[in-house]
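Asker: Once you've had a glance at the structure underneath, I'll fire off some questions.
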């Protein structure tokens with residue numbers, strides 16, 4: 001099933017929000033075969049999801065959140081410009097936070113990675 005069909009199925013089932021998570025996100029803590037051969041890039045998935053919502057005349061009614069591989073402000077701007085209502089940022093923010101924590105620690109005592117993070121950028125008011 002492609003992204004477009006999955007989004008349409010979710011909308012027909014009554015979803016108020018659709019979250020599309022592209023293949024570029026996460027920690028890559030899986031088998032190589034999945035990393036190399038499963039999924040599509042985040043922004044390509046976003047385009048298909050926006051098209052599906054437009055086909056159903058539900059764009060603006062069903063909120064579209066994109067995540068996966070969003071690593072910079074430029075990535076956020078691209079996703080919002082392409083039609084996402086919100087952008088979820090997770091692993092990228094955690095990675096940068098960990099780097100800062102590690103820099104401040106002695107080389108002998110590394111902190112355990114217990115920091116969890118989720119940020120969301122949106123074009124809509126809460």
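Asker: Would you pick out the residues in region 50-68 that are surrounded by 19 or more Cβ atoms within 10 Å (Cβ to Cβ) and out of contact with any strand residue (DSSP E or B) (no Cβ under 8 Å at 6 or more places or on another chain)?
Answerer: 52
Asker: Six or more apart or on different chains, Cβ under 8 Å: which pairs go from a residue in region 36-58 that's within 14 Å of residue 9 (Cα to Cα) to one that's exposed (fewer than 14 other Cβ atoms within 10 Å of the Cβ) and modelled with pLDDT under 90? Could you list them?
Answerer: Hits for this filter: 48/2.
Asker: Right, another one. So is residue 74 surrounded by 11 or more Cβ atoms within 10 Å (Cβ to Cβ) and at pLDDT 55 or above or not?
Answerer: Values: surrounded by 11 or more Cβ atoms within 10 Å (Cβ to Cβ): no; at pLDDT 55 or above: yes.
It is false that residue 74 is surrounded by 11 or more Cβ atoms within 10 Å (Cβ to Cβ) and at pLDDT 55 or above.
Asker: If you don't mind, there's one more thing I want to ask. Looking at 15, 81, which one is in contact with a strand residue (DSSP E or B) (Cβ under 9 Å, 6 or more places away or on another chain) and modelled with pLDDT of 75 or more? Don't jump to the end; show me each part of the working.
Answerer: Numbers: 81 fails: in contact with a strand residue (DSSP E or B) (Cβ under 9 Å, 6 or more places away or on another chain).
Among 15, 81, only 15 is in contact with a strand residue (DSSP E or B) (Cβ under 9 Å, 6 or more places away or on another chain) and modelled with pLDDT of 75 or more.
The values are calculated or read from the model by the stated rules, or taken from the named source; none is laboratory data. Everything numeric here is computed off the predicted structure, so don't read it as measured data. Because the Cβ atoms are built from the backbone with ideal geometry, glycine has one as well, and the counts that use them run over all protein chains shown.
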